[in-house]
Amino acid sequence: MISLLIIVLLIQHCFFFASFTTSVTSAAGSYYNNDEHDAAALLQLKARIILTNSSSDHPLSGNWTAAAAASQVCSSWAGVSCGRRHRRVTSLNLSNMGMQGTLPPHIGNLSFLVSLDLSGNLFRGDLPMELSKLRRLKIINFSNNQFGGDIPASLGDLRGLRVLDLEGNRLSGGIPTSIFNISSLERLILAHNRLSGSLPDDMCIQIGKIEVLSVFRNALTGQIPSRLGRCGNLRGLSFAGNWFTGPIPKSGIPSAIGNFRRLETLWLWHAGLSGSIPSAIFNVTTLQDVDLSKNKLSGVLPDDLFSGARSLQQLRLLDNQLHGAIPTSIGDCASLRIVGLSTNQFSGSIPATIGNCTMLRELFVGKTNLT
């Protein structure tokens, strides 16, 4: 009876050991396959890359090779970082590496990727639709390249995206409305492209977390969204260098400016705007840099206009149609360093209160009627 029990226990032990060995082997094979999966995608990317500096000291010259074992992707491949648990590629940083080329669709196979930074290179061509397969992505930085074509609407499927920086490319067409459905978005930077069309009036309904919104130097038209005030977390806002029409919306920036409790930068220069400057803009105590130059803004500035703008450091209202006296409340802005009022119809004298601005370094009042 005891012998029989021993035999049963030995059989169970052998069965457990065999199962355990199979599981470990399967897991090891899975990790190996995963390494190969990511390595294959990276090698497809390298095949599309030309190094502008082909010297042997370039990070990729002797790196990212098919001869290197797939298991070395996470340990020695330049620009690659991996997660500890799955040993999958989670970050790819090839910024400022002197590269040119195109992005292959295989980039979409890096399914664990969280951050993708290709900024400061010469990548060109269209943005691959397969980027939308990278559902873990939080950061896309393709700034200062030569990407062209449309922004894929499918990027709106990246529901965890926090940063989308496409500044300084050759992108054209409209901004997909799907981008404004990414509720996690904190920085949307599309400046210095060739984008056209208008901004949706309800663009801020879903992107309430947005902190930086920059579309300057494009070819956008239409009116500034009237419900822009719903983007209450904004720190930096730049619509400058476009072809917007009409006034600064009275139902947008002015009435909701109080929601911008953190706004530091407001750039609306050369934006095709007309009408008067809403005094509510200067009620934001965090505001440091305001540039409304090269528009068709008109009217008189209220004398108490700057009373609440105590953090203001740079004020540019050049090349408009403003008239009347310079508000004496400008002296309340003790941190002012730069004031640009040239090419307007201001009259009277420069208020003595400006002497309170002890940090003032530049004052531009040419082409006005000031005495």
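Observations on the model:
- Between Thr328 and Ser226, the simple label model (points 7 Å from Cα in the Cβ direction) yields a spacing of 3.8 nm.
- Cα-based reach from Lys209 at 23 Å (exclusive), listing lysines while leaving out same-chain residues under 8 positions away: Lys138, Lys250
- Structural descriptor for the range 277-318: relative contact order 58 percent, calculated from alpha carbon pairs under 8 angstrom and at least 6 residues apart.
- Stretching the chain fully between Ser95 and Ile50 yields a gain of 14.8 nm (0.36 nm per residue, less the alpha carbon separation).
- Heavy-atom accessible area with a 1.4 Å probe sorts Lys46, Lys296, Lys367, largest first, into Lys367, Lys296, Lys46.
- For Lys294, the aspartates and glutamates whose Cα comes closer than 18 Å to its Cα, not counting residues fewer than 8 places off in the same chain, are Asp319.
- Label-zone membership for the range 135-158, site Lys209, 7 angstrom Cα→C-beta point, backbone N under 14 Å: 136-140, 158
- Spin-label zone in the range 98-112 - amide nitrogen under 13 Å from a point set 7 Å from the Cα of Asn63 along the C-beta vector: 98-99
- Nitroxide proxy distance, nm - points 7 Å out along Cα→Cβ at Arg170 and Gln146: 0.6 nm
- Accessible surface of Thr343 - all protein chains present, 1.4 Å probe, nearest 10 Å²: 50 Å²
- Extension gain for Arg84-Glu362 works out to 94.8 nm (0.36 nm per residue, less the C-alpha to C-alpha distance).
- Theoretical FRET efficiency, 1/(1+(r/R0)^6), r = Cβ-Cβ of Ile338 and Ser274, R0 22 Å, to 0.05: 0.35
- Ligands, DNA and RNA aside, Arg162 has an accessible area near 110 Å² when probed at 1.4 Å.
The values are calculated or read from the model by the stated rules, or taken from the named source; none is laboratory data. Since the structure is predicted, the reported quantities are computational estimates derived from the model, not experimental observations. With ideal geometry, Cβ positions are generated from the backbone for all residues, glycine too; neighbour counts draw on all protein chains shown. Side chains included, ligands, DNA and RNA excluded: accessible areas come from the protein's heavy atoms. Shrake-Rupley method; radii C 1.70, N 1.55, O 1.52, S 1.80 Å.
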